[in-house]
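Encoded as structure tokens, the structure appears first; notes follow it.
The values are calculated or read from the model by the stated rules, or taken from the named source; none is laboratory data. Nothing here was measured: the structure is a model prediction, and the numbers come from that model. Every residue, glycine among them, receives a Cβ derived from its backbone with ideal geometry; neighbour counts consider all protein chains shown.
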């Protein structure tokens, strides 16, 4: 099984605007499943996009406001 990962870590609107790109990736040759990596604000929108098989959530420290404290 060949999977593709599409990452859009911004807000809900940005994830929805990535919809055409996600559909293009899903229609690509040899792609069986598309996983989408989103920030917490975009996870719900990603699950609505056609072609997305699985949604992964990660709060990127450079996007989350306020940024978390620096750790070692």
| query | What about residue 34, is it within 26 Å of residue 67 (Cα to Cα) and at pLDDT 95 or above? | reply | no
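How do the helices (runs of 4 or more DSSP H) wholly within the chain filter down when requiring 2 or more residues that are surrounded by 14 or more Cβ atoms within 10 Å (Cβ to Cβ) and over 9 Å from the mean Cα position of the chain (by Cα): which remain?
On the way: elements: 12-17, 19-26, 43-46.
Output list reads 12-17, 19-26.
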| Every pair of residues 6+ apart whose Cβ atoms lie under 8 Å, when the first sits in the stretch 48-72 and is within 11 Å of residue 36 (Cα to Cα) while the second is in a loop (DSSP other than H, G, I, E, B) | 49/18; 51/27; 55/47; 57/39; 57/40; 58/9; 58/39
